[in-house]
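Notes follow once the structure below has been shown.
Readers should treat all values here as calculations from the given coordinates under stated rules, not as data from a laboratory. If you're wondering where the values come from, they're calculated on a predicted model, not measured in any experiment. So basically every Cβ, Gly included, is an ideal-geometry build from the backbone, and we count neighbours across all protein chains shown.
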Amino acid sequence: MIDLVVAGGGPVGLMTAVRARLSGLEVAVVEQRPGPIDKACGEGLMPDALSRLRAVGVDPIGQDFHGIRYISKGRVAQARFRSGPGRGVRRLALHAALQERALELGVEIVTGRVSAICQGNGWIEAGGIRARYLVGADGLHSNVRRLLGLGEVTSGAQRFGIRQHFGVRPWSDLVEVYWLEDSEIYVTPISADTVGVAVLGRSVLNLDDSIARVPELAARLDSVPRVSDLRGAGPLLQRVSARSADRALLVGDASGYIDALTGEGLRLGFAEAEAAVNAVLTDEPERYEHEWQKVTRSYRLMTGGLLWASSRRGLRPMIVPAARAMPRVFNRIVDSLAA
């Protein structure tokens, strides 16, 4: 019997495994898809996420960015990070770097799927592997969450995301967010000759139609080659009743998700991975729920509030003008996202 089995070999699952190995635990990762996995995401690592990666010996190749710029109908509000740069990193590059580090540390990566979970006195079994603990890091539509009975029904309008890369030199050292009437476009510097363009919104999303609604962005991307496949994700909102059940813990998107509005997904996932490993080390899984609540509190408040305001027809057009009119407040908000 090993110490920990991690279901899901994406960046958060691999970060969990790496942290566990560095803490002296015997770890196996169960992932049904071999090799680095691409995914629709903004790909912007906030400064804290980058710092957490470096702390475990991972420094992925990408393009540094230094803050956030909001743009809406000619109005611009921007704030620079005070804690150092973030970094735009291709999902494939991040995954490959974490996988290489995990293998270097002796993490066993098993090709398979967790289709059943069994628990006994002092053990849990998933993916054919028996361990003292299980961490579910299998994403937005987590099968581990479903098997544990921790998912909740989500009602109401849902939001989705799409993403594609363009082969063009970044024109800014900030992540740009274009606020449209019903959606947002995120432009993230990814390398010296690539930007990632993501759209978040409700209903059916069309990347070309969204870009065409922003003349200055459409002009920059006109005739520029697309250097990746178009990918989508959603629905984004995932409600979870609890983050643990006996010897099983949920991290990352599997532990519940509100929205990608603030770009904090990996920052939170890496922090949750650390909290989960600490719970395993101290043999106190019941403490993980409290730590999860603590780690995600600012994200839940800020993202929930911004999502609520952006969904109101009367309030949405005021978001960028308000950020522009109150630069100190906007700077504090951006700093809180980075930390």
Note to self: Springs between alpha-carbon pairs under 10 angstrom, Gaussian network model over the chain: which of GLY265, GLY305, GLY13 fluctuates most?
What the structure shows: GLY305
Notebook entry, point to check: Mind ordering 279-292, 181-194, 93-106, 14-27 by average Cβ neighbours within 10 Å, highest first?
Noted result: 14-27, 181-194, 93-106, 279-292
Check: For region 128-223, what relative contact order do you get, as a whole percent, if you take Cα pairs closer than 8 Å and at least 6 residues apart?
Finding: 23
Check: Listed highest first by mean packing, meaning other Cβ atoms within 10 Å per residue, what order do 311-318, 58-65, 213-220 come in?
Finding: 58-65, 213-220, 311-318
Note to self: What is the ratio of the Cα radius of gyration of the chain to 2.2 N^0.38 Å, with N the residue count, to two decimals?
What the structure shows: 0.98
Note to self: Under a crude label model (7 Å from the Cα following the beta-carbon direction), how far is VAL76 from ARG213 in nanometres?
What the structure shows: 2.2
Checklist line | In Å, descending, principal axis extents of the Cα set of region 109-150 | finding: 29, 25, 14
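Restricting to DSSP H runs of at least four residues, report the calculated mean residue ellipticity at 222 nm for the chain, -39500 (n - 2.57) per run over all residues, nearest 500 deg cm²/dmol.
Numbers: 10 runs with 114 residues, N = 339.
It lands at -10500 deg cm²/dmol.
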Notebook entry, point to check: How high is the relative contact order of the chain, in percent, with contacts defined as C-alpha pairs under 8 Å that are six or more residues apart?
Noted result: 23
Item checked: ASN206 versus ASP173: modelled label distance in nm, points set 7 Å from Cα along the beta carbon direction -> 3.8
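Let me have the relative contact order for region 74-155, percent, based on Cα pairs under 8 Å that are six or more residues apart. Could you put the intermediate results ahead of the total?
Details: 42 pairs, mean separation 12.3, N = 82.
In percent, rounded to a whole number, it is 15.
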Next item on the list: Would you mind giving the average projected area, over all directions, of the Cα convex hull of region 206-331 in nm² with one decimal?
Entry: 11.0
Notebook entry, point to check: On alpha-carbon atoms, Rg over Rh for region 29-79 using Kirkwood Rh?
Noted result: 1.11
Margin query: On the Cα set of region 54-120, report Rg and Dmax in Å, please.
Written below: 19.1, 61
Notebook entry, point to check: Between ASP283 and GLU104, how many nm apart are label points set 7 Å from Cα along the C-beta direction?
Noted result: 3.3
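Could you give the semi-axes, largest first, of the ellipsoid that matches region 101-229, computed as the square roots of 5 times the alpha carbon gyration tensor eigenvalues and rounded to whole Å?
Numbers: eigenvalues 326, 90, 24 Å².
That gives 40, 21, 11 Å for the three semi-axes.
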